[in-house]
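Taking it in order: structure first as structure tokens, then the write-up.
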């Protein structure tokens, strides 16, 4: 599945939609003067991801990979992506690099810290480390050019739809899916770790594109309020 969430950005992913389970895995490809992949998919979806990337950018290079988190559901397809685009630098936290270097010793990892920015083509991205939300290697990426937050697990939901957007999804159902995800994934974090989120919600966000659930274009203010209430 691929779906254009903005003029320059595609969501590429897999969805599970069953009566008793709704979930999705989402990666994002930004195109333009530079082509940037944000996160990947589980290894079982690797061939689909690489084929979709190639169908979008053709013979053009993949200029950067931003990896917000090393867990397999977000990094499993990375070896296949690098097999097709072997010179692509991977921007991630030090802990993320440490976790993946053993599997990918030749990969071009570029360690970033909170507040550092990447300018790639006409685009600018700023990184914010979020350790403990939910592993020690997590970070989020803010696309300054288009005011889109790519938070990986943060703001995810036990929800799914095709196309993977919140437009027609009932708000109360989405909030319930987001709260169940928060309680499962983030509730164990310390208060100090959670309070990082309160800084993130002050960014000039116009859309949230998480690694799981739905892309939040219309209903992200309600989910931000849910997080604020949970963290207080």
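Points to keep in mind about this one:
- Subset tally (residues that are outside any helix (DSSP H, G or I) and within 15 Å of the chain's Cα centre (by Cα)) for the range 179-232: 12
- Comparison of 95, 77, 107 shows that the only residue that is over 25 Å from residue 213 (Cβ atoms) and at pLDDT 95 or above is 107.
Every residue, every condition in (1) under 22 Å from residue 216 (Cβ atoms); (2) in contact with a strand residue (DSSP E or B) (Cβ under 6 Å, 6 or more places away or on another chain); (3) buried (at least 18 other Cβ atoms within 10 Å of the Cβ), yes or no:
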position	(1), (2), (3)
100	no, no, yes
103	no, no, no
108	no, yes, no
129	yes, yes, yes
176	yes, no, no
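- Filtered by the rule that a residue be over 19 Å from residue 39 (Cβ atoms) and in contact with a strand residue (DSSP E or B) (Cβ under 8 Å, 6 or more places away or on another chain), the range 197-222 gives 199, 206.
- Here residue 117 meets each of (1) in contact with a strand residue (DSSP E or B) (Cβ under 7 Å, 6 or more places away or on another chain); (2) under 23 Å from residue 6 (Cα atoms); (3) surrounded by 15 or more Cβ atoms within 10 Å (Cβ to Cβ) with one exception, condition (3).
- Qualifying residue in the range 40-63 (condition: in contact with a helix residue (DSSP H, G or I) (Cβ under 9 Å, 6 or more places away or on another chain) and on the phi > 0 side of the Ramachandran plot): no
- Where strands (runs of 3 or more DSSP E) fall wholly inside the range 67-155, the ranges with 3 or more residues that are under 13 Å from the mean Cα position of the chain (by Cα) and within 18 Å of residue 40 (Cα to Cα) are 139-143, 148-152.
The values are calculated or read from the model by the stated rules, or taken from the named source; none is laboratory data. Small disclaimer: the values here were computed from a predicted structure and weren't measured. We place every Cβ from the backbone using ideal geometry, glycine too, and count neighbours over all the protein chains shown.
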